[in-house]
Number of protein chains: 2
Amino acid sequence: MKTIVICSGGLDSVSLAHMVAQEHQLTRLVSFDYGQRHRKELDFAALCAERLGVPHNIIDLRSIGAVLTGSALTDDIDVPDGHYEEDSMRVTVVPNRNAIMLTVAFGFAAAQGDEAVATAVHGGDHFIYPDCRPAFTESFEKMQKFALDGYANVALHTPFVHQSKADIVTAGARYNTPFDLTWSCYKGGAQQCGRCGTCVERREAFHLAGVTDPTSYADPDFWTAALARQAGV
Amino acid sequence: MKTIVICSGGLDSVSLAHMVAQEHQLTRLVSFDYGQRHRKELDFAALCAERLGVPHNIIDLRSIGAVLTGSALTDDIDVPDGHYEEDSMRVTVVPNRNAIMLTVAFGFAAAQGDEAVATAVHGGDHFIYPDCRPAFTESFEKMQKFALDGYANVALHTPFVHQSKADIVTAGARYNTPFDLTWSCYKGGAQQCGRCGTCVERREAFHLAGVTDPTSYADPDFWTAALARQAGV
């Protein structure tokens with residue numbers, strides 16, 4: 001099945017790209033530039049496309065990002081440190097972001113003759129992001145059947161929607177994903193910080209999966225200390 | 001109910017804006033620039049916003065239009081003359097255009113605290129555009145409930161979805177829409193051509209509604225001659 005993968009350059013979507021390349025017919029990676037403060041992760045999506053031998057299309061949504069205000073990903077609000085918590089991470093929510101990216105990807109798939117769009121939404125994001133939940137993705141796929149009726153038939157693949165981020169690490173390892181060539185950090189340093197919500201979540205996922213994390217972090221001890229505190233050491 | 005109207009500057013959406021301004025609380029008009037060949041209709045959307053005393057936001061989707069190839073609205077394919085026919089008008093279909101515009105409008109509404117998005121999709125477009133049919137709009141509204149769950153509650157208003165374009169002319173007249181300040185023509189002349197599919201459809205709608213068409217057309221006789229042929233004169 002000819003499949004587009006929506007790839008941010010993060011651990012989840014790069015793992016997905018490697019999985020689709022082996023299990024289906026990967027046609028291209030699509031990334032979105034919605035004016036996120038740090039575009040570094042897009043370089044890792046480009047590297048992934050090169051590695052897998054497919055085109056990489058970056059679709060410019062900056063004019064849309066500009067109107068979707070109130071988000072730390074696009075505005076000058078500080079990104080909170082530490083573990084994801086509902087209140088502190090609400091500022092990272094861009095309203096309707098997944099729905100917008102998916103409708104654009106489906107239009108692109110229809111224009112290109114692709115048969116599926118794959119996205120790496122996963123269970124770990126459910127409690128904070130409504131547009132990562134199965135109720136949303138199932139409803140979205142139904143809506144698209146009606147929107148493209150008679151013109152194209154494009155499926156939505158969400159292999160991780162009922163899984164945890166640790167499960168993604170396990171799957172990524174199985175498909176030989178080079179994890180050190182993926183970017184999760186919300187901050188824009190030379191190395192991933194090791195302290196922000198996504199860095200902590202990433203380290204925890206490797207820990208729970210029992211997979212060695214090859215990533216070099218600016219503050220490698222932040223997570224280790226958190227783990228020690230948790231163990232009561 | 002605080003309502004955004006998606007307004008292209010055409011007869012349908014300008015009539016809708018006048019209706020919403022009187023029946024609800026119109027907060028703004030939103031137009032989309034997706035790289036359509038003639039942006040003249042956007043000027044009529046701007047005039048409408050000025051007349052109704054609300055902001056007009058033009059959202060730049062040109063980078064998306066560029067990837068949704070194969071359409072006469074964005075590419076250099078000739079626009080067919082004459083009445084809408086399924087085959088000849090297929091070239092004007094931009095895949096997933098309504099779904100994309102609606103998801104962006106819903107994100108914008110959520111960010112602005114608006115409670116509804118209104119769109120002028122109507123029954124006359126059903127046979128050719130799947131994303132103008134009730135099955136699509138109902139499914140879309142459900143999908144949005146899941147996508148924004150816990151963050152915003154935005155309704156989709158489609159007052160014309162079960163109506164004909166002639167019904168829109170009737171409604172537009174009731175709400176004192178200045179029809180001469182609306183643009184339908186797919187070609188880019190100083191006046192509307194009177195010959196293309198949308199011009200013919202527009203003239204037919206006034207005829208069927210029994211409302212005088214105040215519009216000045218470059219070829220006013222094209223429709224009159226068609227009508228005479230139809231009557232066997």
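If amide H atoms are built 1.01 Å from N in the plane of the peptide, which residues on other chains or at least 5 residues away come under 5 Å of the amide H of A:Ile58?
A:Ser31
From the Cα gyration tensor of the range A:194-233, with a ≥ b ≥ c the square roots of its eigenvalues, which class applies: rounded if a/c is under 1.5, or else prolate if a/b is larger than b/c, or else oblate?
Values: a/c = 1.68, a/b = 1.18, b/c = 1.42.
Oblate is the answer for the range A:194-233, as a/c is 1.5 or above yet b/c matches or exceeds a/b.
Evaluate the charge dipole of the protein assembly as shown about its Cα centre and quote only its size in Debye, nearest 20, assuming +1 on the Cβ of each Lys and Arg and -1 on the Cβ of each Asp and Glu. Walk me through the intermediate numbers first.
Values: 38 positive and 56 negative charges, 10 e Å.
Its charge dipole is roughly 40 debye.
A 18 angstrom limit on the alpha carbon distance is what I want to check against. Which of A:Lys142/B:Lys145; A:Lys145/B:Lys142; A:Lys145/A:Lys165; A:Lys2/A:Lys165; A:Lys40/A:Lys187 exceed it? Write down the numbers at each step before the final one.
Details: A:Lys142/B:Lys145 14 Å; A:Lys145/B:Lys142 14 Å; A:Lys145/A:Lys165 29 Å; A:Lys2/A:Lys165 25 Å; A:Lys40/A:Lys187 10 Å.
Too far apart for the 18 Å limit: A:Lys145/A:Lys165; A:Lys2/A:Lys165.
Assuming 0.36 nm per residue, please report the length gained on full extension of the stretch B:Asp43 to B:Tyr151 beyond their Cα-Cα distance.
Values: separation 108, 0.36 × 108 = 38.88 nm, distance 3.36 nm.
Roughly 35.5 nm would be gained on extension.
Please report the relative contact order for chain B, taking Cα pairs under 8 Å with a sequence separation of at least 6, and give it as a percent rounded to a whole number.
Numbers: 403 pairs, mean separation 52.0, N = 233.
Reported as a whole number, the value is 22 percent.
Given +1 on the Cβ of Lys and Arg, -1 on the Cβ of Asp and Glu, and no further charges, what dipole in debye does chain B carry about its Cα centre, rounded to the nearest 20?
With Lys and Arg at +1 and Asp and Glu at -1, about 260 debye.
With the cut-off at 1.5 for a/c, could you classify the range A:101-179 from its C-alpha gyration tensor as rounded, prolate or oblate?
Details: a/c = 2.93, a/b = 1.57, b/c = 1.87.
It comes out oblate by the Cα gyration axes.
Could you order the peptides A:217-229, B:107-119 from most to least packed, using the average number of other C-beta atoms within 10 Å per residue? Before the final figure, lay out each step's value.
On the way: A:217-229: 14.3, B:107-119: 21.9.
Answer by packing, highest mean first, reads B:107-119, A:217-229.
Between beta-carbons, use under 12 Å as the cut-off and find the net charge around B:Thr212, counting Lys and Arg +1, Asp and Glu -1. Could you put the intermediate results ahead of the total?
Details: positive: B:Arg203; negative: B:Asp180, B:Asp213.
Summing Lys and Arg as +1 and Asp and Glu as -1 gives -1.
How many partner chain Cβ atoms sit within 10 Å of a residue's Cβ in peptide A:111-121, on average, as a whole number?
Working: counts 8, 5, 0, 0, 0, 0, 0, 0, 0, 0, 0.
Going residue by residue through A:111-121 and averaging, the value is 1.
Quick check: the angle from helix B:221-231's long axis to the longest principal axis of chain B, C-alpha only, nearest 10 degrees?
80 degrees
Using all C-alpha to C-alpha distances in the range A:2-230, build P(r) with 5 Å bins and read off the rounded percent in each one.
P(r) for the range A:2-230, in whole percents per bin: 1, 7, 14, 19, 21, 18, 11, 5, 2, 1, 0, 0.
Within 11 Å, Cβ to Cβ, of A:Gly124, how many net charges do the neighbouring residues add up to if Lys/Arg are +1 and Asp/Glu are -1?
On the way: positive: A:Lys165, A:Arg202; negative: A:Asp12, A:Asp125, A:Asp167, A:Glu201, A:Glu204.
Value of the local net charge: -3.
When the gyration tensor of the protein assembly as shown is built from Cα positions, what are the square roots of 5 times its three eigenvalues, in whole Å, from largest to smallest? Display every interim value, and only then the final one.
Values: eigenvalues 436, 105, 59 Å².
Equivalent-ellipsoid dimensions as semi-axes: 47, 23, 17 Å.
Between A:Phe127 and the same site in the other copies, what are the distances in nm, shortest first, taking label points 7 Å from Cα along the C-beta direction?
Those separations, rounded to one decimal, come out as 5.4 nm.
Counting partner chain Cβ atoms within 10 Å of every residue's Cβ in A:160-166, what's the average?
Numbers: counts 0, 0, 0, 0, 0, 0, 0.
Going residue by residue through A:160-166 and averaging, the value is 0.
What number comes out for the charge environment of A:Asp12, summing +1 per Lys or Arg and -1 per Asp or Glu over other residues with Cβ under 12 Å away? Walk me through the intermediate numbers first.
Details: positive: A:Lys165, A:Arg202; negative: A:Glu41, A:Asp125, A:Asp167, A:Glu201.
Net charge in that neighbourhood comes out at -2.
Which whole number gives the average count of other chain Cβ atoms within 10 Å of the Cβ atoms across peptide A:143-156? Let's see the in-between values first.
On the way: counts 14, 7, 4, 11, 17, 6, 6, 7, 7, 3, 0, 2, 0, 0.
Mean shielding by partner chains, rounded to a whole number: 6.
Can you compute the modelled spin-label distance between B:Thr212 and A:Leu208, with each label point 7 Å from Cα toward Cβ, in nm?
Here the modelled spin labels are 7.1 nm apart.
Would you mind telling me the antiparallel percentage of the DSSP bridges in the protein assembly as shown, rounded to 5? Could you put the intermediate results ahead of the total?
Details: 2 of 36 bridges.
Antiparallel bridges make up about 5 percent of those DSSP assigns within the protein assembly as shown.
We did not get these values from a lab; they are worked out from the coordinates using the rules stated. Model, not experiment: these values are computed from the prediction. Every residue, glycine among them, receives a Cβ derived from its backbone with ideal geometry; neighbour counts consider all protein chains shown.
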